[in-house]
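Q: Sharing a structure, written as structure tokens. Questions coming.
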Amino acid sequence: MNVADGLPVPVRTKRSPGRGQAAGRKRAGYLFVGLYVALLLLFGVVPTGYALYLSLTRPGGKWAGLADFLNTGHDYRFLPAFEHIAVYLLVWLVVLVVLVLFLALMLHGGVRRTVPFFRFLLYMPGALAGSASVLVWLFMLDPPLSPWRFVESLFHLSSLPQVVLPDHLPFVFAVIAFWTGAGGWIVVMNGALNNISDEVIDSARIDGANAWQLAFSIKLPLIKKWVVYMVILAFATGTQLFVEPTLVSTASFGEVSQFWSPNQLAYYMAFTEANFNGAAAISVDLLVVCLMVAALLVFRSKFFEIE
Amino acid sequence: MTTSPIGRATAQPVVGPRAARRVSGTGRAHRPGGAWRIGTRTAWYVVMIAATAFFVVPLIWLLIAPTKTDHQLVYEGPMAFGSFHTFVRTWDQIYAFQGHELLTWLANSAMYSVGGLALALLSAVVAGYGLALTEFIGRKVLLSITLVVMIMPASALVLPLFLEMNLVHLLGSAWSVILPFGFFPFGVYLCYIFFSSTIPKELLAAARVDGASEWDVFWRIALPLARPVVALVGLFAFVANWTNFFLPYVMFYSDRQYPLPVGLEYLVSSTSAFNPVAGAHSPVLRPELAMATLVAVAPVFLVFLFAQRALVQGMLAGATKE
């Protein structure tokens, strides 16, 4: 751009430079976001709208009002699927919050030069997200194979079918989700803790706070918003459970039902029963939950600034 | 305009120096004086090693499993190493499964992930720039929608997408996963943060005064500075696409079209590896299944190993705007 100094400045004579430029920039703005907006419409807005349309109509397109929602709501598989998810979410969120905070605080108050090492190892299983992690844990939970068989024998579990009983599944899935996801959250919490200023911690220490008080009265309140963020995201993701119950159902040869979670039920309705309207109604139920949670975080928490 | 602002901007990490300090974990001194009682330190190590064992032991088990036969898996110690010879045999077995189907799945995974990644980069980088540094009607609305969709789990859209693809008869086509993979609001948000926090508006204004068109400003000035965020968005898109199970699971009918994560499920369903009685003579048993899992996770594992720092920065950037 130094080169331009010696060159004649382009002279605009035809239109007022300010307005012309601003209009040009606006047009350019639309062009820049054009492709993304097209993708957003085609693979975000349109499928949502179409699912909503299907959920309010009958096969053939006749208006159905809320009939699809009522019918799926009265389906004998509907409530159990949502109950499963509710129990899973309860277990998973409690485990997540308690253990992630515990490990993040341990890391933060620990032997400093080892922190990157431990943090990396805790984070590594995230690479196995999805079906790989479920398979690994099917191995891990199969008593004859498991390095944890001593733990399983404490609960009198001696075979895989005993481990994956329907009542156990919320716990099994919480373990899998924790194994793959906790490391990432520990990294985030650790980052938030490192962001607390030295002065705050030092002055608390000078005032005589011990490590315990430091963690609970100083550090935790300062990273509270991150905990809220984690819980909201984990909640939204948790409602979507699909790959875990699907694989466990396949591996247990039908002992675990194919509609354990709401997403599975919707999938089953669409694929096996060709009930697209019912499937759409359930996916709209789930979408509404996720949309509300996401909107809450974006517009109410001040977590994101939209200037 | 000298090179100094450019140099400064490229040297900056994606989310600013504070995040870099947080990431490196060296932001502050932990203990004044460092006199730590040996008892406390030992207790700390015991807890940390126990916790780490929970995360790492399954990974080590997975690496060892293919070195053993199915029989050895059950009757030898879970963490005992088998033999290299068995490892090779296990590989041969899984490699031969249904005419090298594992390779087909690998190629499919690569095609879907990279195709989706390319589209995501193409759309996200320019859109992030447009949202950060240009003005247009609806900009704030678009930003808000992007944030909401970014927070929503991608799986919430899978069944609606399936219904849509069914309507337009794209089910079973590679496009049915590549196109949705290209819609990557998190990438747009990362680019938006990068462009709005690291590229000085004056730099762009100066270029405009010099007569550069809007596209020139983006292409010649902003984009070369954005290399770190392009790499970051690429990494995140790749990991998300590669590990995605639900979307390809609903879109494809034929196992020849599956990507690896869905292929793993197919292996479980078609080989009775978890049903030792029925599967006693199947060529694919648990060691082969473990081997296939290793193949499926290897690329993401490598990304994690070599790009750990960048990924961590991105995770922090996902929630902070500095």
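The values are calculated or read from the model by the stated rules, or taken from the named source; none is laboratory data. These numbers were taken from a predicted model, which means no experiment stands behind them. Cβ: placed from backbone, ideal geometry, glycine included. Neighbour counts: every protein chain shown.
Q: Any residue at all in the range A:134-147 that is under 30 Å from A:Gly278 (Cα atoms) and buried (at least 16 other Cβ atoms within 10 Å of the Cβ)?
A: Scanning the range A:134-147 turns up at least one residue that is under 30 Å from A:Gly278 (Cα atoms) and buried (at least 16 other Cβ atoms within 10 Å of the Cβ).
Q: State yes or no: is A:Leu222 of a type in the set (A, V, I, L, M, F, W, C), surrounded by 19 or more Cβ atoms within 10 Å (Cβ to Cβ) and either closer than 24 Å to A:Thr180 by Cβ or more than 8 Å from chain B (Cβ to nearest Cβ) (or both)?
A: It is false that A:Leu222 is of a type in the set (A, V, I, L, M, F, W, C), surrounded by 19 or more Cβ atoms within 10 Å (Cβ to Cβ) and either closer than 24 Å to A:Thr180 by Cβ or more than 8 Å from chain B (Cβ to nearest Cβ) (or both).
Q: Given the residues A:Ala215, A:Ala204, A:Ala209, which is the only one that is over 23 Å from A:Pro116 (Cα atoms) and in contact with a Leu (Cβ under 7 Å, 6 or more places away or on another chain)?
A: Result: A:Ala204 is the single residue among A:Ala215, A:Ala204, A:Ala209 that is over 23 Å from A:Pro116 (Cα atoms) and in contact with a Leu (Cβ under 7 Å, 6 or more places away or on another chain).
Q: Hey, any hits in the range A:153-161 for a residue that's surrounded by 17 or more Cβ atoms within 10 Å (Cβ to Cβ), touching a helix residue (DSSP H, G or I) at 6+ places or on another chain (Cβ under 7 Å) and at the interface with another protein chain (Cβ under 7 Å from one of its Cβ atoms)?
A: Yes, some residue in the range A:153-161 is surrounded by 17 or more Cβ atoms within 10 Å (Cβ to Cβ), touching a helix residue (DSSP H, G or I) at 6+ places or on another chain (Cβ under 7 Å) and at the interface with another protein chain (Cβ under 7 Å from one of its Cβ atoms).
Q: What about A:Trp92, is it within 17 Å of the chain's Cα centre (by Cα) and not polar (S, T, N, Q)?
A: Considered against the rule, which asks whether it is within 17 Å of the chain's Cα centre (by Cα) and not polar (S, T, N, Q), A:Trp92 comes out as yes.
Q: Which condition from (1) more than 7 Å from every other protein chain (Cβ to nearest Cβ); (2) more than 19 Å from the chain's Cα centre (by Cα); (3) not charged (D, E, K, R) is the one that B:Val148 breaks?
A: With respect to (1) more than 7 Å from every other protein chain (Cβ to nearest Cβ); (2) more than 19 Å from the chain's Cα centre (by Cα); (3) not charged (D, E, K, R), B:Val148 is out only on (1).
Q: A further question on this structure: Just one of the numbered conditions (1) more than 30 Å from B:Thr90 (Cβ to Cβ); (2) within 12 Å of chain A (Cβ to nearest Cβ); (3) within 16 Å of the chain's Cα centre (by Cα) is not true of B:Leu232; which one?
A: Every listed condition holds for B:Leu232 apart from (2).
Q: Restricting to the range B:185-216, give me the number of residues that are buried (at least 20 other Cβ atoms within 10 Å of the Cβ) and within 23 Å of A:Ala38 (Cα to Cα).
A: 12
Q: Mind checking which helices (runs of 4 or more DSSP H) fall wholly inside the range A:185-273 and carry at least 1 residues that are under 30 Å from A:Ile85 (Cβ atoms)?
A: Correct list: A:224-238, A:243-251, A:262-271.
Q: In the range A:244-255, is there at least one residue being among the hydrophobic types (A, V, I, L, M, F, W, C), more than 7 Å from chain B (Cβ to nearest Cβ), buried (at least 21 other Cβ atoms within 10 Å of the Cβ) and closer than 30 Å to A:Gln162 by Cβ?
A: Yes: one or more hits.
Q: Same structure again: Out of all the residues in the range B:51-72, which are over 21 Å from the mean Cα position of the chain (by Cα), among the β-branched types (Val, Ile, Thr) and within 25 Å of A:Gly110 (Cα to Cα)?
A: B:Thr52, B:Val57
Q: For the range B:186-214, which residues satisfy the criterion of being out of contact with any helix residue (DSSP H, G or I) (no Cβ under 8 Å at 6 or more places or on another chain) and among the basic types (Lys, Arg)?
A: Within the range B:186-214, none qualify.
Q: Moving on. Six or more apart or on different chains, Cβ atoms under 6 Å: show the pairs whose first residue is in the range A:35-49 and at the interface with chain B (Cβ under 7 Å from one of its Cβ atoms) and farther than 21 Å from B:Tyr129 by Cα and whose second is acidic (Asp, Glu) and buried (at least 17 other Cβ atoms within 10 Å of the Cβ).
A: A:Pro47/B:Glu164
Q: Sort out which residues of the range B:103-141 are in a helix (DSSP H, G or I), among the hydrophobic types (A, V, I, L, M, F, W, C), more than 18 Å from the chain's Cα centre (by Cα) and at the interface with another protein chain (Cβ under 8 Å from one of its Cβ atoms), and write them in order of number.
A: B:Val126, B:Ala127, B:Leu131
Q: A:Ala38 - would you say it is modelled with pLDDT of 95 or more, assigned to a helix (DSSP H, G or I), under 26 Å from the mean Cα position of the chain (by Cα) and within 30 Å of B:Leu179 (Cα to Cα)?
A: Yes, satisfied.
Q: Scanning the range A:104-133 for residues that are among the aliphatic types (A, V, I, L, M), within 20 Å of the chain's Cα centre (by Cα) and facing chain B (nearest Cβ under 7 Å), which turns out surrounded by the fewest Cβ atoms within 10 Å (Cβ to Cβ)?
A: Ranking the qualifying residues of the range A:104-133, first place goes to A:Met124.
Q: Which residue is modelled with the highest pLDDT, if the candidates are limited to the range B:30-78 and must be at the interface with chain A (Cβ under 7 Å from one of its Cβ atoms) and not in a helix (DSSP H, G or I)?
A: Going through the qualifying residues, I end up with B:Pro78.
Q: Does the range A:122-181 hold any residues that are without any contact (Cβ under 8 Å) to a residue 40 or more places away in the chain, in contact with a Ser or Thr (Cβ under 6 Å, 6 or more places away or on another chain) and not small (Gly, Ala, Ser), and which are they?
A: Those that are without any contact (Cβ under 8 Å) to a residue 40 or more places away in the chain, in contact with a Ser or Thr (Cβ under 6 Å, 6 or more places away or on another chain) and not small (Gly, Ala, Ser): A:Met140, A:Pro143.
Q: Mind telling me which of the residues A:Gln240, A:Gln258 ends up being at the interface with chain B (Cβ under 10 Å from one of its Cβ atoms) and surrounded by 16 or more Cβ atoms within 10 Å (Cβ to Cβ)?
A: Of A:Gln240, A:Gln258, the one residue that is at the interface with chain B (Cβ under 10 Å from one of its Cβ atoms) and surrounded by 16 or more Cβ atoms within 10 Å (Cβ to Cβ) is A:Gln240.
Q: For the range B:159-191, what are the residues that are of a type in the set (A, V, I, L, M, F, W, C), in a helix (DSSP H, G or I) and under 16 Å from A:Ala294 (Cβ atoms)?
A: Matches in the range B:159-191: B:Phe186, B:Val188.
Q: Testing B:Pro283 on (1) surrounded by fewer than 21 Cβ atoms within 10 Å (Cβ to Cβ); (2) more than 10 Å from every other protein chain (Cβ to nearest Cβ); (3) within 21 Å of B:Phe186 (Cα to Cα), one condition comes back false. Which one is that?
A: (3)
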